[in-house]
Amino acid sequence: KSYRMIDAELKAYSPAFAKRPRWVVFSKIDLLGDSKVLQKAEKAFAAKKIKTFAISAVTGKGLDALLKALAKEILLSFRP
């Protein structure tokens, strides 16, 4: 629900946002009691071809994968 609302706001601001790649970052995963909730959400976004990352700033889990993917995306954006 929140994703759809933010997505609609971005598209209303600029239609160019609709053409950009989308990533969803689930934070505070250290507070999740049931990992099945996260797995279900990841599957839903994967079905829409949206890349997801699950991170915890407290434990550091998932941060390396997110930072590496972000660095790669930035480097690719500068290539002609």
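Structure values in brief
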{"quantity": "MRE, 222 nm, helices only [DSSP H, n ≥ 4, -39500 (n - 2.57), over the chain, to nearest 500]", "calculated": "-16000 deg cm²/dmol"}
{"quantity": "Neighbour cut-off at most 10 other Cβ (10 Å), DSSP loop, trypsin sites (Lys or Arg not before Pro), segment 1-31", "calculated": "K1"}
{"quantity": "List Y13, Y3, ordered by accessible area with a 1.4 Å probe, largest first", "calculated": "Y13, Y3"}
{"quantity": "Tilt relative to the chain, helix 2-13 - C-alpha long axis, 0 to 90 degrees, to 10", "calculated": "20"}
{"quantity": "Charge dipole magnitude, Cβ of K and R +1, D and E -1 - the chain, Cα centre, debye nearest 20", "calculated": "360"}
{"quantity": "Signed unit charges on C-beta, dipole axis of the chain, positive-most listed residue P15, I50, I29", "calculated": "P15"}
{"quantity": "For A54, residues with placed amide H under 5 Å, excluding near neighbours", "calculated": "F26"}
{"quantity": "Sites L76 and L32 - FRET efficiency at Förster radius 22 Å, r taken between beta-carbons, to 0.05", "calculated": "0.10"}
{"quantity": "Rounded D (µm²/s) - the chain, Kirkwood Rh over Cα pairs, Stokes-Einstein at 20 °C, 1.002 mPa s", "calculated": "150"}
{"quantity": "Surface accessible to a 1.4 Å probe, L76 within the full protein complex, Å²", "calculated": "80"}
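The values are calculated or read from the model by the stated rules, or taken from the named source; none is laboratory data. On a predicted model such as this, the values are computed, not experimentally measured, just so you know. A quick note on method: Cβ atoms are made from the backbone with ideal geometry, for glycine too, and the neighbour counts reach across all protein chains shown. Heads up: the accessible areas ignore ligands, DNA and RNA and are worked out on the full protein's heavy atoms, side chains in. Shrake-Rupley method; radii C 1.70, N 1.55, O 1.52, S 1.80 Å.
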